[in-house]
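First, the structure itself, so that you have it in front of you.
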Amino acid sequence: MNNQGSKKPTFFWKTFFIGLLIMLIVGVLIGYGMWGKKEKKPNTKQLLAQIGNHIETLEDDSATLKDQIKKMKDTVEKGKKAVQSMEVMKRDFAKLQDDNKKLKGKMENYSQLQLQIKELSKLKKEKEEMKKALGEKAALAEQVVKLKKENEELRATVQKVEDVIKQPAPSLQADHPSS
């Protein structure tokens, strides 16, 4: 419960600062569009529409990534449980193998030997199913790598936007000689 409680304020502040950054970017772009160039009058409606479209795209991408991350976490948890149960099955399997060796050596009770063989087959089948589950886990790991790559690309895009924002605006005083 503490983990969820501590994530909510962090999520709030991250969201707050992302919103603040978006508003700053929009303000700078609109300000530059209105006062930055005097030769041509900018089409502010078109500029606002483009900014709105870009913001919507970023929000959609963010929501999609959040959904994918949630699904990945659920799948990873299932994979961890499968791996844990597989280790228990390996221990049980080893125990059954020892019992099987004892039974083959004595051969006193043939019906017990048949039951052990059936149990062993069942465990082998479960082992194959666990191998399949591990294959799915590997596929999920590949998806995590792809998501990390997409995340890095988004960070690079944000960095480029920040670099553009940090560039000084062109000086207007050079166009107007002082008297």
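The numbers here are math on the coordinates, done by the rules we state, and not lab data. Keep in mind it's a predicted model, so treat the numbers as computed, not measured. Neighbour counts run over all protein chains shown; Cβ positions are idealised from the backbone, glycine included.
For the cross-link pairs Lys95/Lys125; Lys73/Lys95; Lys70/Lys137, which exceed 26 Å when the distance is taken from alpha carbon to alpha carbon?
Result: Lys73/Lys95 exceed 26 Å.
First select every other residue whose beta carbon is under 15 angstrom from the beta carbon of Phe93; then total the charges, Lys and Arg +1, Asp and Glu -1.
Net local charge, Phe93 excluded: +2.
Using alpha carbons only, how many angstrom separate the centre of the range 119-161 from the centre of the range 51-76?
18 Å
Hey, another quick one. Using only the Cα atoms of the range 60-160, what are the Rg and Dmax in Å?
Looking at the range 60-160, its Cα Rg and Dmax stand at 22.3, 78 Å.
Tell me, Asp99, Asp67 in order of fewest to most beta-carbon neighbours within 10 Å?
Asp67, Asp99
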